[in-house]
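Encoded as structure tokens, the structure appears first; notes follow it.
The values are calculated or read from the model by the stated rules, or taken from the named source; none is laboratory data. What you are looking at is a predicted structure, and each value in this text was computed from that prediction instead of being measured. Cβ placement follows ideal geometry from the backbone for every residue including glycine, while neighbour counts extend to all protein chains displayed. Heavy atoms of the whole protein, side chains included, go into the accessibility calculation; ligands, DNA and RNA do not. Shrake-Rupley method; radii C 1.70, N 1.55, O 1.52, S 1.80 Å.
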Amino acid sequence: MNKEEKYRLLTEQIRSLIEGETDVMAVMANVCAAIHQEMGFFWTGFYRVKGDELVLGPFQGPVACMHIPFGKGVCGSAWERKETIVVPDVEQFPGHIACSSLSRSEIVVPVFSMTNEVVTVLDIDSKELASFDETDRRYLETICRLIKC
């Protein structure tokens, strides 16, 4: 099964899994578990906006940074810019925050409230360089739009 087919099935699985659930933390926990299990990424999780920083939320993978300031690293930059950031080589991203030296590439997708404010970001890391492309961006943005905050 190619990446597009895997994402298509994953998106439908997540849609069914979270339908009718009102607890956002439970939704985020199952969304990151489903993505992580199906796609086999190194680290998959959420950072939640709390004041002027992002705080670690539900995740799958090794231990992670617990606090990320606004505008710092890939996650803080995606929050600041209000857009998805794909990083083929994290060592080439200015100000990258290295929570793990094993992470080589990354994608961060913001999740928006009904008033278009970023409330959390989905952060996914890979041990391989250039793991993420337009297919990942498109499907992960679709999945993040399913999360109602």
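Loop-resident chymotrypsin sites (Phe, Trp or Tyr not before Pro) (DSSP state other than H, G, I, E or B) in the stretch 42-84 with no more than 15 further Cβ atoms inside 10 Å of their Cβ: F70.
How much area per residue is accessible in the chain when the probe is 1.4 Å and only protein heavy atoms are counted (Å²)? Don't jump to the answer; show the numbers that get you there.
On the way: 7600 Å² over 149 residues.
Per residue, the chain has an accessible area of 51 Å².
The order of T135, T120, T115 by accessible area, most exposed first and with a 1.4 Å probe, is T115, T135, T120. Placing unit charges on the Cβ atoms of the charged side chains and taking the dipole of the chain about its Cα centre, the candidate lying farthest along the positive direction among L140, N2, A29 is A29. With all projection directions averaged, the alpha carbon convex hull of the chain covers 8.0 nm². Scanning residues 5 or more positions from S105 or on other chains, those with amide H under 5 Å from its amide H are V90, S126, E128, with H placed 1.01 Å from N in the peptide plane. For the stretch 86-97, putting each phi into the Karplus relation 6.51 cos²θ - 1.76 cosθ + 1.60 with θ = phi - 60° gives couplings of 10, 10, x, 9, 4, 5, 9, 8, x, x, 3, 9 Hz, in residue order, rounded to whole numbers and with x for Gly and Pro.
Between N116 and I97, what length comes free when the chain is fully extended (0.36 nm per residue of separation minus the Cα-Cα distance, one decimal in nm)? Could the numbers behind the result be given before it?
Details: separation 19, 0.36 × 19 = 6.84 nm, distance 2.60 nm.
This chain segment gains 4.2 nm when fully extended.
May I ask you to give the percent of accessible area on the chain that is carbon plus sulfur, with a probe radius of 1.4 Å?
Working: 3830 of 7600 Å².
The C+S portion of the solvent-accessible surface of the chain is 50 percent.
Per the Debye formula on identical point scatterers at the alpha carbon atoms of the stretch 6-85, with no solvent, log10 I(q)/I(0) at q = 0.21, 0.25, 0.27 Å⁻¹ is -1.05, -1.21, -1.24. Residue ranking by accessible heavy-atom surface, 1.4 Å probe, largest first, among M114, M25 comes out as M114, M25.
By Kyte-Doolittle mean hydropathy of at least 0.5 and Cα axial length of at least 24 Å, which whole DSSP H helices of the chain are selected? Kindly include the intermediate steps, with their values, before the conclusion.
Details: long enough: none.
None clear 24 Å together with a mean of 0.5.
Find, among the trypsin sites (Lys or Arg not before Pro) in the stretch 53-91, those assigned to loop by DSSP (not H, G, I, E, B) with at most 11 other beta-carbon atoms within 10 angstrom. The qualifying sites are K82. A P(r) calculated from all alpha carbon pairs of the stretch 74-128, with 10 Å bins opening at zero, reads 26, 52, 18, 3 percent.
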